[in-house]
Amino acid sequence: MADTTDACREPILSVRNLDVTLKTAIGELHATRGISYDICPGETFAIVGESGCGKSISSMALMGLLPRIARARADHCLFDGQEILSLSRRQLSKIRGNTLSMIFQDPMTSLNPVYTIGDQLTEVFVRHGKGTRAQARDRAVFLLERVGIKNAAERLNAYPHQLSGGLRQRVVIAMAMMCSPKLIIADEPTTALDVTVQMRTLALLSELQKEFGLAIILITHDLGVVASLSDRVAVMYAGQIVETAPTAQLFADPTHPYTQGLIRCIPSYGEPHPDAELPTIPGMVPSLIGRQKGCAFRNRCPLAFADCAEGDTIALRETHGEHAYRCLRPHDALMAHWRGLHGEPA
Amino acid sequence: MWRYFVKRLGIAVLVVFTVSVISFGLLRLSGDLAQNLAGEGATQAQVQDIRVLYGLDRPLPVQYVDWAGRAITGDLGRSLFTNDPVFHLIAARMPVTAVLALGSLLLAICVALPLGVFAAVYRNSWIDRAALGMAVFGSAVPSFWFALILIYVFGVQLRWLPISGSTTWWHFVLPMVTLSTMVMPQIMRLTRGGMIEALDADYVKMAWAKGLNPGVVFFKHALRNALLPVVALAAVSLGFLLGGSVIVESVFSLNGIGSLAYESIKRADFPVVQSILFVLSFIYVLLTLLSDLINARIDPRIRLH
Amino acid sequence: MSNAPAPLDNMDLAMPTPWQQSWSLAKRHIGLQTGALIVLVALIWAVFAPWIAPADPYAQDLANRLAPAVWQDGGSWAHVLGTDGFGRDVFSRLIWGTQVTMIVGFGAAVISGIVGSTLGMLGGYLGGRVDAAVIFLINVKLAMPGVLIALSLVSIFGGSLLSITIILSLLFWDRFAVVTRTATQQVRTREFIAAAECSGASRGWILFREILPNIANQIIVIGSLEMGIAILIEAALSFLGLGIQPPTPSWGILVSEARDTMFFKPHLIVAPGLAICILVVGINLLGDGIRDITEPQGRN
């Protein structure tokens, strides 16, 4: 893992206070609130959280792919020195697929069924003026071989349905690489795959990243994936980042009660007894519609108290290094609670 | 692919056979043909003679095999009314109906396809609402009434277009407009629905994420996928228009298959009615096979089945 | 800060029941309300025609033929839409025509709905040969030119209300079958069907108690569509003279009778045609609205 404990001086992507709101029939839905992070060249930044916490929609906002009912606002969203939220559709489309590309969750549906792999790979290369059709073909063959597809030249003439899910995701990864991007947003890239294929795909992503010096935003609900691939993590809950830390530190000192709950839910973590029941976080995610008050996690939090319902939001507190969390409880009290969960003396 | 197609062909043949049996049986249910032929005042002996002459005294299955055997060779029998060979009657009337149905289908597609695409792309906009409003109206308007209104407005009041007969191309304008409203709403809705589905699909999000131009995204990536059900519908619609032209042909006094069928039904000329039913279902089945072939061209998943 | 266990405000939304949800959606659904209003008016006209209609729809008044409508010169409120070529009150005939239209439309939709849904559910649930047979029947039905078959059958069996209703219902069962077949296949794979099967429920029980309620809203939507088409085709058949027989006031017959005088009395054609159009639009809006407020997707 690259050593990025110090904030890099020139982030490839810098997001400050990103708010995404959706207009719904029963009111304004706050999909994300005050999302801020920096991503350095060559690092993997994981955003983790359960479905509906706003992790996907925040990246869709960066790509300009929000649904029509959604609006994104931010203090800034600088990608490669450009303010991407204020770009016109035309200008944005010159970046998309070029220096900023995306890998979608389901490889079964993210390839167009009626065109060949080759057609879909080469069109993005030609579109961004990287070269001729023949050069695009060469590049496609090179990348398909690089992602581990045999007979790459022949496979160019194949249709998506002729490939297995794992192979399709490799094609999608190759497609994202066609124009040598600086940043790839990978939205649950392995969720739809078999477990064995998942590990190989993750390994491939991490190899490619080192080889080509990519930055990756990895969006996932799976802390196992986070642990194996990312340099830094942001944990999201109900539209906010509730904790952010270098990956190793997050697993060593999970501070926010929600992070603690998430980590305890990993089967291989938590209880040492194989027959013990896997812990879960009780309660439901609150509605994000209308004005949000206080801490969103308070109805499920074992440490909640009256003040948790006060104020517009809970401030993000730094502990040390790049570790920060969004909770009223002091760090010591939270760590004592974490140790208590494992039966250690508080 | 070929196995699939051969299977489809087998089913198609079976469908045509079944339809022919049904239409044959249906029209024999209608009463004593010999009595009809002989007329009101005929004696019992005369009726019996006619029965033997036309082979109506034989068991029904034998009559069917006899009819079907000759139908395959193109001999559809003779009209009870004019004694002309039915094949000639149908062949003489077919061009008018074919032009009418094909023209109406083309007109419907030319209007409905772009409208459906725009309605899907600009969902919930005024163009979407207008398209849906037109579809609601189009599928609720009685075609015979719409034809009369068109005649009144464009033929009588404005005097722009002829209102009956088929001597010039202008004569086909109003009938085609009328007939096309019978299929336009469905084609529009299906195009719109297919486009909306395609536009929400991951591969279209992917196309946007690749930075492709809107034109490429809409027409290359979305429309081709949305087109599959529309092709099948267009084939079915053409079959429907051939059979459904009876109303329009009657209002505009066009001498097509529809009016031939209508006249024949009214004067109980059963060999003609039966043959028209048979020919139309035969054409319908051919059209569905054709749409399968076209869809196999569009969608590799069918081609490589 | 206190360390007492948290007294928390309740952040969970109370989930409304499906009926409450549908009702609250219905209150905002203008299409549904318009459709319901139109259908309601048509129903009232049909049921209460004898009391609503100002005159006897069959009573001829040869001295008062082609009387003008109320807004024309010499028109009177006695004959709001004037009289026809036999001196009959057109407005009364229009109201009585609702009866024919609603009976035929509703009857055909219900009969074809029962036939088609049964076939579709059997094919979708049992699969295999039964399903193949159902698909084959659907293909045969689709290959037959419907309007011509209907015309031939009416010429054979006559144009009574009953025979027209039955003949039309033969034309429309296929769409019910196609839709219920697909819907049944989808429902069949759900857990509660497996649970019912495991607990030894009979096939009939599963079809009617477990599957039918889950696909009912789709059947209603198709039903509204087919009722509209049945009304249109009944009018067309009657217009061609091979449907309901005069002097029974069917809207198709009203148009057909007014055809001879259309160049100088166009309103006699416009009125019944517009009535058909509005009623069919209303039925379709009602069907679409019911789908919108009962479908799970429509709930977000």
With θ set to phi - 60° and the Karplus curve 6.51 cos²θ - 1.76 cosθ + 1.60, what are the ³J(HN,Hα) couplings of segment B:128-144 in order, to the nearest whole Hz, using x for Gly and Pro? 5, 4, 4, 4, 5, x, 5, 5, 4, 5, x, 8, 10, 7, x, 5, 5
Using amide H atoms built 1.01 Å from N in the peptide plane, name the residues 5+ places from A:GLN240, or on other chains, whose amide H lies under 5 Å from its own. A:ARG33
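Let me confirm one metric for peptide B:126-138, namely the mean number of other chain beta-carbon atoms within 10 Å of its residues' beta-carbons.
Going residue by residue through B:126-138 and averaging, the value is 1.
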Using Cα atoms only, what is the angle between the long axis of helix C:90-126 and the major principal axis of chain C, expressed in degrees (0 to 90) to the nearest 10? 30 degrees
For A:300-310, mean number of other protein chain Cβ atoms within 10 Å: 4
Less than 12 Å from a label point 7 Å out along the Cα-to-Cβ axis of A:ARG16: which backbone N atoms in segment A:45-80 qualify, by residue? A:74-78
Please give every one of the lysines within straight-line cross-link reach of A:LYS55, meaning a C-alpha to C-alpha distance under 22 Å, and leave out same-chain neighbours fewer than 8 residues apart. A:LYS23, A:LYS182, A:LYS293, B:LYS205, B:LYS210
Once amide H atoms are built 1.01 Å from N in the peptide plane, which residues 5 or more positions from A:GLU28, or in another chain, come under 5 Å H to H? A:GLY290
Sorted on mean Cβ neighbours within 10 Å (highest first), peptides C:111-123, B:45-57, C:89-101 come out as C:89-101, C:111-123, B:45-57
Could you check what % of the DSSP bridge pairs in the protein assembly as shown are antiparallel, to the nearest 5? 65 percent
How would you rank B:240-246, C:56-62, A:58-64, A:13-19, highest first, on the average number of other Cβ atoms within 10 Å across their residues? B:240-246, A:58-64, A:13-19, C:56-62
If I stretch the segment between A:ASP138 and A:LEU316 completely, what's the gain in nm (0.36 nm per residue apart, minus their alpha carbon distance), one decimal? 59.2 nm
Which value in Å is the Kirkwood Rh of chain B over different Cα pairs? 22.2 Å
Sort A:THR44, A:THR313 so the one with the fewest other Cβ atoms within 10 Å of its own Cβ comes first. A:THR313, A:THR44
Phi angles of segment B:229-245, converted by Karplus (6.51 cos²θ - 1.76 cosθ + 1.60, θ = phi - 60°) into ³J(HN,Hα) in whole Hz with x for Gly and Pro, give x, 5, 4, 4, 5, 4, 5, 4, 4, 4, x, 5, 5, 4, x, x, 6
Out of every Cα-Cα pair in segment A:141-224, what percent are more than 18 Å apart? 40 percent
Is there a simple number for the mean count of other chain Cβ atoms within 10 Å of the Cβ of residues in A:97-110, and what is it? 3
Just round it to a whole percent: the fraction of Cα-Cα distances in segment B:2-72 exceeding 18 Å. 53 percent
Among rounded, prolate and oblate, which fits the protein assembly as shown when a ≥ b ≥ c are the square roots of the eigenvalues of its C-alpha gyration tensor, a/c under 1.5 means rounded, and a/b larger than b/c means prolate? prolate
Quick one: helix B:44-53 against the long Cα principal axis of chain B, what's the angle to the nearest 10°, folded into 0 to 90? 60 degrees
Between A:ASN151 and B:LEU290, Cβ-based FRET efficiency (R0 30 Å, step 0.05) works out to 0.25
Rounded to whole Hz and in sequence order, give me ³J(HN,Hα) for segment B:76-93 from the Karplus expression 6.51 cos²θ - 1.76 cosθ + 1.60, θ = phi - 60°, writing x for Gly and Pro. 9, x, 10, 5, 6, 8, 9, 6, 6, x, 4, 4, 5, 4, 5, 4, 6, 8
Under 5 Å between amide hydrogens, which residues at least 5 positions from A:VAL233 or on another chain qualify, with H placed 1.01 Å from N in the peptide plane? A:ALA46, A:ALA245, A:THR247
Is any residue of segment B:136-160 close enough, with backbone N under 15 Å, to a label point placed 7 angstrom from the Cα of C:VAL41 along the Cα-Cβ axis, and if so, which? none
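Let me make sure I get this right: for chain C, a, b and c are the square roots of the gyration tensor eigenvalues over alpha carbons, sorted descending. Under 1.5 in a/c it's rounded, otherwise prolate if a/b > b/c, else oblate. Which is it? Numbers along the way, then the final one.
Details: a/c = 3.55, a/b = 1.59, b/c = 2.24.
Since a/c reaches 1.5 but b/c is at least a/b, the shape of chain C is classed as oblate.
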quick shape note, segment A:1-83: Cα extents on principal axes in Å, largest first -> 46, 28, 18
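Read the figures in this text as sums done on the coordinates, not as results from a lab. Predicted, not measured: the structure shown is a model, and the values here were computed from it. Cβ: placed from backbone, ideal geometry, glycine included. Neighbour counts: every protein chain shown.
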